[in-house]
Amino acid sequence: MLATERAGSRPGAHASQILTEADRLMTICNSCRYCEGLCAVFPAMEMRTSFRDGDLNYLANLCHSCGACYYDCQFSPPHEFDVNVPRVLAAVRADSYRAYAWPRALAPLFDRNGLAVSIIAALSVAVFIAGFVGWHDPKVLFGVHIGEGAFYRLMPHNAMVALFGGVFLFALVALALGLRNFWRDIAAPSASPIDFARAGHDAATLRYLDGGGAGCHNENEKPDDRRRVYHHATFYGFMLCFASTSVATLYHYALGRVAPYPWYDLPVLLGSLGGIGLLVGPAGLLMQKWARDEELRDEPRAGMDVAFLAMLFLTSLTGFALLFLRATPAMGTMLALHLGVVFALFLTMPYGKFVHGLYRYAALLRYARERRVMSEKS
């Protein structure tokens, strides 16, 4: 059951206490409007006179948590109005991931997400290592394998494709259906190609992670662009790694070239550049998170952020370890370790912080349409 199918389908009635608190804050902000130039949240808020659950989830996913409105607000703590928009919308945003998850039976994975992801990752790595040890003679497992097809001497290509293709397909379906639930719940109308392009630009440039132009507020009232830089490194690092996998797939099926590839070949170059991004970006974001002003943190759900960043970091770290050790007896162990981490990453994608990118793009898409419609009417 979605948020708008519960009590929150009516303005003034909400499905949770945090949504009620978000309604209170948006009502105060809608009366003040001092922060309307900081980001997309406040102009979108001003288009509404009341807030359903779907509206609040839309605004929460539109928020990039730059923190600027907290420091600019005259009603922030210790004022009796206790207006803390970044922290409240962060809590609403995290709860929305659970509300829209598919299948519903797996939605509880968002509860204590850091622990859930850690257990899944540990089990995945353990199963791969146990499988490699149980399947292969030690002379094979700890032997030196070089040249084309070296990886597949330890795990057959068809088995690897079936296993990882299956879990990746499941993740795509779960993500798509969760996104569909979100799109329906925020009552989003159809968008035009220009709306998609504008939302894509805003997402790719992290337009609203700039605190209105000065940068993000993190550990104090002095804004900077470090979070934005680390976010870019993480996102584009991930995309480069995806491009590396895509090129390697093309090599295998279209050109008949079998992995592993030499260090100067395109899949390795793309993967290495992406891997650097996935080391620098997540590490930087973790440091920024731990240094963040406590008033801006959503502490009960911090484990979800840490788990996702840790999984990205470990995926890159084990990938580099495999690259550097692939011509040594350690290759079999590193392959099992890397595959276990990647499998866990794919499996937990629909039930962790990864979904924030999809929901944020959808929120930006709706906002792009709202801006266009408003400008056409004026």
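Couple of notes before you dig in:
- Residues being loosely packed, with under 14 Cβ neighbours inside 10 Å, part of a helix (DSSP H, G or I) and of a type in the set (S, T, N, Q) - total across region 173-218: 0
- Hey, residue 119 over 23 Å from residue 324 (Cα atoms) and either in the same structural domain as residue 66 (by TED's automatic domain parsing) or of a type in the set (A, V, I, L, M, F, W, C) (or both) or not: yes
Conditions (1) over 19 Å from residue 369 (Cβ atoms); (2) touching a residue at least 12 places away in the same chain (Cβ under 8 Å), marked per residue:
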| site | (1), (2) |
| --- | --- |
| 17 | yes, no |
| 21 | yes, yes |
| 24 | yes, no |
| 29 | yes, yes |
| 42 | no, yes |
| 51 | no, yes |
| 58 | no, yes |
| 67 | yes, yes |
| 73 | yes, yes |
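- Conditions (1) loosely packed, with under 15 Cβ neighbours inside 10 Å; (2) farther than 27 Å from residue 44 by Cα; (3) modelled with pLDDT under 95; number of the one not met by residue 141: (1)
- Residues that are out of contact with any strand residue (DSSP E or B) (no Cβ under 7 Å at 6 or more places or on another chain), over 30 Å from residue 249 (Cα atoms), modelled with pLDDT of 95 or more and of a type outside the set (Gly, Ala, Ser) do not occur anywhere in region 164-175.
- Subset of region 96-119 that is aliphatic (A, V, I, L, M) and over 13 Å from residue 352 (Cβ atoms) - its residue that is surrounded by the most Cβ atoms within 10 Å (Cβ to Cβ): 99
- When residues of region 262-294 are limited to those that are of a type in the set (D, E, K, R) and outside any loop (DSSP other than H, G, I, E, B), the one modelled with the highest pLDDT: 289
- Restricting 39, 73, 63 to residues that are of a type outside the set (D, E, K, R), in the same structural domain as residue 21 (by TED's automatic domain parsing) and under 17 Å from the mean Cα position of the chain (by Cα) narrows the list to 63.
- The requirement of being outside any helix (DSSP H, G or I), in contact with a helix residue (DSSP H, G or I) (Cβ under 9 Å, 6 or more places away or on another chain) and at pLDDT below 95 is satisfied by residue 259.
- Any hit, region 119-134, residues being under 29 Å from residue 23 (Cβ atoms) and within 21 Å of the chain's Cα centre (by Cα): no
- Answer residue from region 31-43, given it is outside any loop (DSSP other than H, G, I, E, B) and either of a type in the set (D, E, K, R) or out of contact with any helix residue (DSSP H, G or I) (no Cβ under 6 Å at 6 or more places or on another chain) (or both) and is surrounded by the most Cβ atoms within 10 Å (Cβ to Cβ) among those: 42
- Scanning region 178-197 for residues that are more than 20 Å from the chain's Cα centre (by Cα) and either small (Gly, Ala, Ser) or under 22 Å from residue 66 (Cβ atoms) (or both) yields 187, 188, 190, 191, 192, 197.
- Taking the criterion of being surrounded by 20 or more Cβ atoms within 10 Å (Cβ to Cβ) and under 12 Å from residue 150 (Cβ atoms), the residues of region 313-343 that qualify are 322, 331, 332, 335.
The values are calculated or read from the model by the stated rules, or taken from the named source; none is laboratory data. The structure displayed is predicted, hence computed values, not measured ones. Using ideal geometry, Cβ is built from the backbone for each residue, glycine included, and neighbour counts are taken over all protein chains shown.
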